[in-house]
Amino acid sequence: MRELKNAEIIAVGSELLTPHRLDTNSLFLTGRLNELGIVVRAKTVVGDNRHDLAALVTSAMTRADVLLTTGGLGPTDDDLTREVIADLLGVRLVEDQDLVASIEARFRLRGVKMPTINRRQAMVPEGARVVPNHHGTAPGLILEREGRVVALLPGPPRELQPMFDVLAEEVLLPRTAGRKVRRRQVKVTGRSESQVEEVAHPIYSCLGDDTTSVQTTILASPGLIELHLEAVGTDVAAVDRLLDSGVSALAQALGDVVFSTDGRSLEKVTGDLLRARGWRVAAAESCTGGGFLARMTDVPGSSAWVSGGLVAYSNQVKVRDLDVPAALIDAQGAVSEGVAVAMAQGARRRFGTDVAVGITGIAGPDGGTPEKPVGTVVVAVATDAVTVRTFRFPGDREAIRRHSTSAALDMLRRALL
Ligand code: AMP
Ligand code: MG
C-alpha cells in the first residue's frame, strides 16, 4: 500500500476568487494533515469552471499521495467537482438510494419537499466511499486511484470539518507509518527581517540530520519576526531533540531580541513577567491612541497586571492630566525624550503603579519635520529608574503605530528582566 506523505488541496468556488471570500478550508485541512505527518506540497483556488478544475486535478494526480478538494458539491449547475472527477477517473456516477432517502429526510425534517435538483447530491462515483454529512446535504466522497487518495469534501466549513475526522481515522492514519510533523517558533522583536536572516541563515540552513530535514520559514510583520521550524519523522523524541537544538542555537545567536521560543506572544511574555513580579503597569499614550494597552489587555487575565492608562493626544491633556511641564513641550517639542519620560512618570504617579510607559511620536502621514520625520517615536519606561529611546520606524501610519506598541512592549519586557 502506498505510504501517504504529501497532499495537495484544491479549493473550488468562484466566490473564493473575489475579494469577499477567503479560502479558509485549506488552512484547516493543512493543520489536520500535518498532525498526521502529511505535508501539503501545493494548494490552489479555482473557480467553478470545468476545464480549469479538470486541468488542476490532472496535474495534482501526478504528484500528490492525497488530493483533497473542497466545494463544488452543491445541488446547482455550477457545482462540478463530482462530475469532473468521476469523468477524469473514468467512473460512472450512480444514484445512491440511501443518500436520496437521507437527503429527503433532511428536507422533511424542515417541513419541505426535497427540490429535484438536490438528487444530484446523491450521485456517487462508482467505488467511492461515502462520508455522511450531519450538517448539510452533500456527502463527502473518497476514492482511490493507484494508491492515491482523492477526497471530495463540501465547501461549508462546518460540514467539512467533522468529515475530516472520518477521512483521517479510517483512510489516512493507517497509511502514514506513524509519522508526525513537529514545529517550533522563535520570535524576535526589534530587528528587521534581513537582520534576522543574516544571523539565522547560517544556522538553520545546517539543521537536520541524515534521516530528518528541518524546514525553516521566516514571517515578518511590523515589530515582529518569526522563525518557524518544522520537521517530520516517526521518532517523535528524536525530531523534538533536533528541533530543540535548532531553537537553542538560533536563540543563542540572536541574543536578547528573542522574546519567546514557546509560542507566546510579546504581550503574553510581558504580562507573565509583570505577574511574576506582582507588578502593575499603566500607560500614557499619544500617537498609539491606546494601542499599547489594547495589546496588553488582549491577554486573558491581564486585569492582574494592567492598571489603566490615558490617551494623552493633545498637549493640553499631557499638561493637565499628566503634569507634563508646558515649558518642556515648548522647549523640546511634544515628540521628545523629555516629554515621553514626563508622560511615563505622570502615568506612574497618577495610577499608582510600579511601572508605567509613555509613548509619543509622529505616525504621519503629515506632521513630520526634517529633524523629526514621520516615524519618529519616543518610548519611555518609568520604574524608580527611567529608560527612554527614540526610534525611526518605517512604513505607513498603521505600520508605525504597530512598531510603536511592539517597541513599548519590548522595552517594558526588558525593564522587567
Ligand atoms: P459549495 O460546496 O461549493 O456549495 O460551498 C458552499 C459555501 O461554502 C460557500 O458559499 C462558502 O461560503 C463556503 N466555502 C466554500 N469553499 C470554501 C473554502 N475553501 N473556505 C471557506 N469556505 C468555503
Ligand atoms: Mg461553490
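The values are calculated or read from the model by the stated rules, or taken from the named source; none is laboratory data. Computed from a predicted structure; not experimentally measured. Neighbour counts run over all protein chains shown; Cβ positions are idealised from the backbone, glycine included. Ligands, DNA and RNA are stripped out before the accessible areas are found, and what is left, the full protein with its side chains, is counted by its heavy atoms. Shrake-Rupley method; radii C 1.70, N 1.55, O 1.52, S 1.80 Å.
What to note about this one:
- Sequence-distant residues sharing a close amide H with residue 312 (under 5 Å, placed H): 285, 286
- Centre-to-centre separation between the Cα atoms of region 1-23 and those of region 198-267: 28 Å.
- Given their separation in residues at 0.36 nm each and the Cα-Cα distance between them, residue 330 and residue 135 gain 63.6 nm when the chain is fully extended.
- A simple spin-label model places the labels of residue 234 and residue 113 5.9 nm from each other, with each point 7 Å out along Cα-to-Cβ.
- For the pair residue 211 and residue 264 in one chain, pulling the backbone fully straight at 0.36 nm per residue adds 16.1 nm over the alpha carbon distance.
- The slack in the chain from residue 384 to residue 256, taken as 0.36 nm per residue of separation less the alpha-carbon distance, amounts to 43.8 nm.
- Whole-Hz couplings from phi, Karplus 6.51/-1.76/1.60, listed for region 205-216; x for Gly and Pro: 6, 9, 6, x, 10, 4, 9, 10, 9, 10, 8, 10
- Cross-link partners of residue 268 among lysines (Cα-Cα below 30 Å; sequence separation of 8 or more within a chain): 180, 187, 318
- Prolate/oblate/rounded call for the chain, Cα gyration tensor, a/c under 1.5 rounded: prolate
- For the pair region 30-84 and region 348-417, the centres of their Cα atoms are 47 angstrom apart.
- Computed helical MRE - 222 nm, the chain, DSSP H runs ≥ 4 contributing -39500 (n - 2.57), nearest 500: -11500 deg cm²/dmol
- Per-pair calculated FRET efficiency, R0 = 30 Å: residue 220 and residue 371 via Cβ, rounded to 0.05: 0.55
- The lysines whose alpha-carbon is closer than 20 Å to the alpha-carbon of residue 43, local same-chain residues fewer than 8 away aside, are 5.
- Calculated FRET value between residue 145 and residue 397, using beta carbons and R₀ = 41 Å, to 0.05: 0.20
- Local charge for residue 16 was computed over the other residues whose Cβ lies under 13 Å away, with Lys and Arg +1 and Asp and Glu -1, and equals -3.
- Sorted peptide list for 165-175, 72-82, 310-320, 342-352, criterion being average Cβ within 10 angstrom, highest first: 342-352, 72-82, 310-320, 165-175
- Region 254-375, relative contact order in percent, only Cα pairs under 8 angstrom and at least six apart counted: 27 percent
- R0 of 56 Å, Cβ-Cβ distance residue 201-residue 126: FRET efficiency to nearest 0.05: 0.60
- Distance in nm between pseudo-label sites at residue 88 and residue 166 (7 Å out along the Cβ direction from Cα): 2.2 nm
- Heavy atoms of residue 144 accessible to a 1.4 Å probe, total area in Å² rounded to 10: 100 Å²
- Inter-site label distance for residue 106 and residue 241 at 7 Å from Cα along Cβ, in nm: 5.0 nm
- Taking all Cα pairs closer than 8 Å and separated by 6 or more residues, the relative contact order of region 1-114 comes to 29 percent.
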